[in-house]
1. With bins 5 Å wide starting at 0, give me the P(r) of the stretch 103-205 over every alpha carbon pair, in whole percents.
2. Using a 1.4 Å probe, how large is the accessible area of TRP235, given in Å² and rounded to the nearest 10?
3. Arranged from highest to lowest average of other beta-carbon atoms within 10 Å per residue, in what order do the peptides 14-23, 185-194 appear?
4. In the stretch 101-178, what trypsin sites (Lys or Arg not before Pro) fall in a loop by DSSP, with at most 12 other Cβ atoms inside 10 Å?
5. Excluding ligands and nucleic acids, what accessible area in Å² is computed for CYS162 using a 1.4 Å probe, to the nearest 10?
Amino acid sequence: MNIEEAVRDNRYATALVIGSVLSLLATVYLSVAVGTQHWYQYTSPPNEHEGSNASEHIDEFVNGEFSEKSYSETMFLLNGTLGLWWRCILGPSQSHWFKEPDPKLETKCVSFTLPEQFNPKYTLRENDVDLLRTYLWRCQFLLPLVSLALVFLSGLIGVCACLCRSFTPTLGVGVLHLLAGLCSLGTVCCFLAGVDLRHQSYKPPERVEGSLGWSLYLALISFPLQMMAAALFLWAARSHRKNYTRMTAYRVA
């Protein structure tokens, strides 16, 4: 019976180690995705950023007042990229005393401030608030923070469980990872739905192509990793509980 118990303990320990590694990978991927701007990117024709208005668009994008319509149009023209906390454009570098025949392109990024994140989104009329887009935008930057907070909380519970030498909190760790995975998936869904609705309000020009960026794929990959970690933690907790009950009944008998 001691050999069987040792084999079971090894299986549980292996499940916990693999689940912890998957959780760590998911946390790293989601953190990188949240901090980068390549969730959605626009590709415009080369001649779009060679006009005389390019410098004006860049200056308004970097130093102008916050306006979704304004920065959307600039991103359409200047190979913009959009993230949860950043918006960027790829434009010609500015020369103060001469005009280069073939200017180098450089990336200019502006972050969304916290008040800007909570700003309402408007319809084409500019006076009617689009409630659906407003709440989708708020969910897309709040859900990943909730996901990371849940994983951090599960890590604290796991450390406490190790110190107390108790297997019971593993069930809670699995449930927290399950909720974190759903939040990660919700982030991607809210972002994609918000981008689609934004294109209905501010339609890109015909020659401008939009595509998903690698940051979004990192966030999407974190979802199955968190779900697999949750499955391993839940399986270990459930199996250990069954075997503990069985062993208790055997010893009593």
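The values are calculated or read from the model by the stated rules, or taken from the named source; none is laboratory data. No experiment lies behind these values; they were computed from the predicted model shown. Cβ sites come from the backbone with ideal geometry, for glycine too, and all protein chains shown count toward neighbours. Accessible surface areas use protein heavy atoms only, side chains included; no ligands, DNA or RNA. Shrake-Rupley method; radii C 1.70, N 1.55, O 1.52, S 1.80 Å.
1. 2, 11, 15, 15, 14, 11, 9, 8, 6, 4, 3, 1, 0
2. Ignoring ligands and nucleic acids, TRP235 comes out at about 110 Å².
3. Highest mean packing first, the order is 185-194, 14-23.
4. Those that pass, being in a loop and sparsely packed, are LYS104, ARG125, ARG165.
5. 100
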